[in-house]
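Undergrad: First the structure, which I've put down as structure tokens, then a few questions once you've had a look.
The values are calculated or read from the model by the stated rules, or taken from the named source; none is laboratory data. Predicted model, so just to flag it, every value in this text is computed and none were measured. FYI the Cβ positions are ideal-geometry reconstructions off the backbone, even for glycines, and counts take in every protein chain you see.
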Amino acid sequence: MRKAIYVLILGAIVLIGVSIRNLSNKDIETEAFENISKNDYEDLIIKCGNTNEKLLALTFDDGPDEDFTPQILDILKKYDVKATFYVIGEKVQYNKKIIKREFEEGHEIGNHTYTHINVSKNGYNKIRKEIGDTQSAVKSVTGVYPKTFRPPYRAISRDMCEIIKKEDMNIVLWSYVDARDWESPGVNSIVKSIESGIQNGCIILLHDYNKIRNPKSQTIEALDVIIPDLLEKGYKFVTISELIEHLEKNTNNEKMQIK
């Protein structure tokens with residue numbers, strides 16, 4: 001009898017674990033948005049660029065990493081493309097040379113909180129400190145504050161939106177082109193996930209940090225395929241700020257035509 005009960009309990013734990021692992025970023029975002037009116041912060045949130053232009057934004061989360069980030073920078077330099085790095089504030093102080101290199105080579109640096117918190121599970125003061133400390137950390141190296149913020153887990157909260165609004169920043173998500181490269185699904189899987197979902201204006205999510213410490217991450221190998229493939233198809237890689245600039249120009253032109 002005891003053995004049967006133990007088996008039932010173990011099965012329940014496994015099922016709970018599976019359901020937690022299967023909770024997608026989309027589910028988190030949907031849940032977080034339930035208590036926020038779409039129109040309240042619509043102008044703050046960027047999910048994609050101008051769909052009339054063949055522009056793409058490569059973005060990397062969770063760095064800087066002393067091993068992987070320099071290798072990614074080498075590939076970006078090899079193909080002469082720009083990207084945006086959403087950095088963890090507490091990692092900046094240990095990797096100042098990498099941050100400086102990112103900035104000097106024309107890449108954009110965004111804010112990804114100081115300790116990778118879920119903003120939907122934290123209050124106003126904690127979120128403000130996480131964002132503010134990261135802003136200060138980046139500025140201490142580059143001389144400029146990040147213009148955009150990406151919430152870990154794609155989580156959204158009213159407090160976060162209010163803070164970002166006061167800081168005159170944008171919240172940048174991604175265009176559901178998420179290869180889940182942090183799971184190390186295989187180089188071919190990463191390439192296929194990205195290339196099959198590409199459309200004009202896409203914001204691509206990748207990571208320049210991985211807990212699986214291989215000499216060369218799958219993300220790095222995949223980039224050496226993805227970038228030349230998409231360049232050959234006529235796409236241009238831009239930073240997030242450049243993508244937003246083109247989006248705003250297109251919006252203004254549409255408004256002028258309506259008038």
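Okay, residues lined up against (1) surrounded by fewer than 16 Cβ atoms within 10 Å (Cβ to Cβ); (2) over 25 Å from Lys126 (Cβ atoms); (3) among the charged types (D, E, K, R):
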residue: Ser140; (1), (2), (3): yes, no, no
residue: Pro146; (1), (2), (3): no, no, no
residue: Phe149; (1), (2), (3): no, no, no
residue: Trp174; (1), (2), (3): no, no, no
residue: Arg180; (1), (2), (3): yes, yes, yes
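Undergrad: Return yes when Gly110 is surrounded by 22 or more Cβ atoms within 10 Å (Cβ to Cβ) and small (Gly, Ala, Ser) and no when it is not.
TA: Details: surrounded by 22 or more Cβ atoms within 10 Å (Cβ to Cβ): yes; small (Gly, Ala, Ser): yes.
Here the answer is yes, as Gly110 does meet what is asked.
Per-residue answers, yes or no, for (1) farther than 20 Å from Ala179 by Cα; (2) at pLDDT below 95; (3) in contact with a Phe, Trp or Tyr (Cβ under 8 Å, 6 or more places away or on another chain):
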| position | (1), (2), (3) |
| --- | --- |
| Leu76 | no, no, no |
| Gly89 | yes, no, yes |
| Lys97 | yes, no, no |
| Tyr114 | yes, no, no |
| Ile131 | yes, no, yes |
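Here's the yes/no breakdown for (1) out of contact with any helix residue (DSSP H, G or I) (no Cβ under 8 Å at 6 or more places or on another chain); (2) within 23 Å of Ile46 (Cβ to Cβ); (3) small (Gly, Ala, Ser); (4) surrounded by fewer than 16 Cβ atoms within 10 Å (Cβ to Cβ):
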{"position": "Phe68", "(1), (2), (3), (4)": "no, no, no, no"}
{"position": "Ile75", "(1), (2), (3), (4)": "no, no, no, no"}
{"position": "Ala83", "(1), (2), (3), (4)": "no, yes, yes, no"}
{"position": "Val87", "(1), (2), (3), (4)": "no, yes, no, no"}
{"position": "Arg101", "(1), (2), (3), (4)": "no, no, no, no"}
{"position": "Ile127", "(1), (2), (3), (4)": "no, yes, no, no"}
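Undergrad: In this structure, does Ile156 turn out to be surrounded by 15 or more Cβ atoms within 10 Å (Cβ to Cβ), at pLDDT below 95 and farther than 17 Å from Ser241 by Cβ?
TA: On the way: surrounded by 15 or more Cβ atoms within 10 Å (Cβ to Cβ): yes; at pLDDT below 95: yes; farther than 17 Å from Ser241 by Cβ: yes.
Yes: the conditions hold for Ile156.
Undergrad: Something else now. Among the numbered conditions (1) in contact with a strand residue (DSSP E or B) (Cβ under 7 Å, 6 or more places away or on another chain); (2) within 23 Å of Glu90 (Cβ to Cβ); (3) part of a loop (DSSP other than H, G, I, E, B), tell me where Ser175 comes up short.
TA: (2)
Every residue, every condition in (1) under 29 Å from Lys249 (Cβ atoms); (2) out of contact with any His (no Cβ under 7 Å at 6 or more places or on another chain), yes or no:
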| residue | (1), (2) |
| --- | --- |
| Thr51 | yes, yes |
| Asp62 | no, no |
| Thr69 | no, yes |
| Val92 | no, yes |
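Undergrad: Let me ask something else. From the list Asp80, Asp67, Asp62, which residue is of a type in the set (Asp, Glu) and within 27 Å of Gly234 (Cβ to Cβ)? Working first, answer last.
TA: Working: Asp67 fails: within 27 Å of Gly234 (Cβ to Cβ); Asp62 fails: within 27 Å of Gly234 (Cβ to Cβ).
Just one listed residue meets the conditions, Asp80.
Undergrad: Here's another thing I want to ask about it. So Ala222 fits all but one of (1) surrounded by 22 or more Cβ atoms within 10 Å (Cβ to Cβ); (2) at pLDDT below 95; what number is the exception?
TA: Looking at each condition in turn, Ala222 falls short on (2).
Undergrad: Consider Glu53 against the criteria (1) part of a loop (DSSP other than H, G, I, E, B); (2) surrounded by 14 or more Cβ atoms within 10 Å (Cβ to Cβ); (3) at pLDDT below 95: it satisfies all of them except one. Which criterion is unmet?
TA: Only one criterion in (1) part of a loop (DSSP other than H, G, I, E, B); (2) surrounded by 14 or more Cβ atoms within 10 Å (Cβ to Cβ); (3) at pLDDT below 95 is unmet by Glu53, namely (3).
Undergrad: Additional query: Among the residues of the range 197-213 satisfying the criterion of being of a type outside the set (Lys, Arg), more than 21 Å from Asn50 (Cβ to Cβ) and not in a strand (DSSP E or B), which is modelled with the lowest pLDDT? Let's see the steps before the verdict.
TA: So in the range 197-213, the residues of a type outside the set (Lys, Arg) come out as 197-210, 212.
Still in the running and more than 21 Å from Asn50 (Cβ to Cβ): 206-210, 212.
If we keep only those that are not in a strand (DSSP E or B) too, we end up with 208-210, 212.
Working: Asp208: 94, Tyr209: 88, Asn210: 77, Ile212: 67.
Taking the candidates together, the pick is Ile212.
Undergrad: Then there is this: Within the group Ile190, Ile204, Ile164, Ile194, which residue is buried (at least 20 other Cβ atoms within 10 Å of the Cβ) and farther than 27 Å from Gly234 by Cβ?
TA: Values: Ile190 fails: farther than 27 Å from Gly234 by Cβ; Ile204 fails: farther than 27 Å from Gly234 by Cβ; Ile194 fails: farther than 27 Å from Gly234 by Cβ.
The match here is Ile164.
Undergrad: Name, by its number, the condition in (1) touching a residue at least 12 places away in the same chain (Cβ under 8 Å); (2) over 14 Å from the mean Cα position of the chain (by Cα) that does not hold for Lys192.
TA: Among (1) touching a residue at least 12 places away in the same chain (Cβ under 8 Å); (2) over 14 Å from the mean Cα position of the chain (by Cα), Lys192 violates only (1).
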